[in-house]
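The values are calculated or read from the model by the stated rules, or taken from the named source; none is laboratory data. Nothing here was measured: the structure is a model prediction, and the numbers come from that model. Cβ atoms come from the backbone with ideal geometry, glycine included; neighbour counts cover every protein chain shown. Note: areas computed on protein heavy atoms with side chains; ligands, DNA, RNA excluded. Shrake-Rupley method; radii C 1.70, N 1.55, O 1.52, S 1.80 Å.
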Amino acid sequence: MKKLRQLSFLFVSLFVVLAFFNIAVYAAEDDIIMLDEASGNAYTPIVIDGSFSDWSDKPSSPIYYSASQPHTASLYRDEDNVYLRIKMSDPGYAFVGNQYKFLIDGKDYTFDIVASSGSIQNGLNNMDVIRSNGYQLVAVASARLYRQSGQPDEMEMMIPLDYFYRQPNMLKTITFSSSNLGTQSITATGVSTMPIFFVASGLVAIAAGYIIKMRKQKA
Amino acid sequence: MIPAIIFAALAWIYILHLTDRSKLPFFKFLIGSVGFFILMMITLQPIITLPLAKAVAAAAGLIGNITGSFYSYYQYSLIFIRHGSESISLYVDYECSGVIEIFAFLSLLWFFPLYSWIEKTVISLIGVLYIFVANIIRLTVICLAIYWAGNDIFFFAHAILGRIVFYVLSIILFFYVFTRAQIIKQKVGNFTYGQHASDHI
């Protein structure tokens, strides 16, 4: 028991020390919204309308190749949909919507995001979400792009989760990447505790107590 | 839906009553625990999950904020971790909020025949808090592992490391609440003098 306590103390001490050991983050820290800087405590749902204020309190990440300026990407999911926002690095870099790869629980879905009108104009653009494989329009998805001279292109899109899987609540991990934007990938995932083992260990604890008690009584 | 729940609850109470009258403590424990768990999952789980998930994300985020290693967007039950140029968002949904574990623990406890009502109430409060803290430790371990080693370690951190930490902590709780209590509270049997003692009376 004493050894167990010593081991626990050692583990906790190591854990606390390592927790403060910082790792370099190679990205603009401006992209991160800290807990105390978040614009509000209220839940703000995302609406695909070409206005990007609803993304202001969601986390974002840079996507880039080493020699270029980073683009900004946000991946967010709720119970029903997966959302993606891409902000290009600078006004000189026009929006690239090809080969947007979503890895849904290990299964690949690649989309092209193209202007519904054929070409992107200044102002708000309706975009089509098209499966790269077979070039089929995803009618249930929606996307908007906003272009303003002197400002980087910014796009937001949404795909219902039941497009990927009949039971969206069963989906665990969604990863987005695009080789046209950069090498990085962004992942949104759940971390289940596997409650069945918790229940099983509880029942085992009860059974173990009962067996020990019976043996002691017999003795 | 509500009449069906009420009917099922009444049927459950009646079966419990029967097991009690028939002096079948094992079946009372089994049927009682399972029924209570299902009832809580149907009635309380939709109400409790979201606030609990937010609380877990916020509490884990405090540790992240102090250490500067990960960030909590608690209004979205989300924890955001970066390693180098990679990033990962962990969503605290109902499967990782700890709500199922809390209900399972309470179900087992409230039909465990060894404790009094007062003891059960106190142990419930301590147990719920303990599971909440254990879940935060689990999430912190996962987040720190990703922060140190990157997204590649996610599967190991989540499926193995985090769960080992959580289950070790759970087993400690179960040991003290269920195993140890049975051994300590057992009846020793009829008190008799041994032959050697009787000779000296």
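All told, B:F103 falls short of being within 10 Å of another protein chain (Cβ to nearest Cβ), open to solvent by less than 20 Å² (accessible area, probe 1.4 Å), in a loop (DSSP other than H, G, I, E, B) and farther than 28 Å from A:P70 by Cα.
Filter segment B:71-97 for residues that are in a loop (DSSP other than H, G, I, E, B) and within 7 Å of chain A (Cβ to nearest Cβ); which is surrounded by the most Cβ atoms within 10 Å (Cβ to Cβ)? Result: B:C96.
I'd like the full set of residues that are open to solvent by 20 Å² or more (accessible area, probe 1.4 Å) and either under 25 Å from A:E79 (Cα atoms) or among the hydrophobic types (A, V, I, L, M, F, W, C) (or both), limited to segment B:57-70. Residues satisfying the conditions are B:A58, B:A59, B:L62, B:I63, B:I66. The test for being farther than 28 Å from A:S56 by Cα, of a type in the set (S, T, Y) and within 7 Å of chain B (Cβ to nearest Cβ) holds for A:S201. State whether the residues of segment B:154-173 include one that is of a type in the set (V, I, T), at the interface with another protein chain (Cβ under 7 Å from one of its Cβ atoms) and either open to solvent by less than 60 Å² (accessible area, probe 1.4 Å) or closer than 25 Å to A:T175 by Cβ (or both). No.
Which ones in segment A:176-212 are open to solvent by 40 Å² or more (accessible area, probe 1.4 Å) and either part of a helix (DSSP H, G or I) or under 30 Å from B:F27 (Cα atoms) (or both)?
Scanning segment A:176-212 gives A:M194, A:I196, A:F197, A:V199, A:A200, A:L203, A:V204, A:A207, A:Y210, A:I211, A:I212.
Within the set B:I66, B:I142, B:I81, the sole residue that is farther than 24 Å from A:P70 by Cα, modelled with pLDDT of 90 or more and among the aliphatic types (A, V, I, L, M) turns out to be B:I142.
Condition check ((1) of a type in the set (S, T, Y); (2) away from chain B (no Cβ under 14 Å); (3) over 21 Å from the mean Cα position of the chain (by Cα)) across all residues:
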residue: A:I113; (1), (2), (3): no, yes, no
residue: A:L124; (1), (2), (3): no, yes, yes
residue: A:R144; (1), (2), (3): no, yes, no
residue: A:D162; (1), (2), (3): no, yes, no
residue: A:R166; (1), (2), (3): no, yes, no
residue: A:A207; (1), (2), (3): no, no, yes
residue: A:I212; (1), (2), (3): no, no, yes
residue: A:R215; (1), (2), (3): no, no, yes
residue: A:A219; (1), (2), (3): no, no, yes
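Of the listed requirements (1) out of contact with any Gly (no Cβ under 7 Å at 6 or more places or on another chain); (2) closer than 22 Å to A:P195 by Cβ; (3) more than 12 Å from chain A (Cβ to nearest Cβ), B:L52 misses just one: (1).
Of all the numbered requirements in (1) more than 7 Å from every other protein chain (Cβ to nearest Cβ); (2) touching a residue at least 12 places away in the same chain (Cβ under 8 Å), B:E119 misses one, and that requirement is (2). Applying the criterion of being β-branched (V, I, T) and open to solvent by 20 Å² or more (accessible area, probe 1.4 Å) to the residues of segment A:104-126, the residue that is nearest to A:F164 (Cα to Cα) is A:T110. A:G92 falls short of the stated requirement of being more than 11 Å from every other protein chain (Cβ to nearest Cβ), open to solvent by less than 30 Å² (accessible area, probe 1.4 Å), not in a strand (DSSP E or B) and not aliphatic (A, V, I, L, M).
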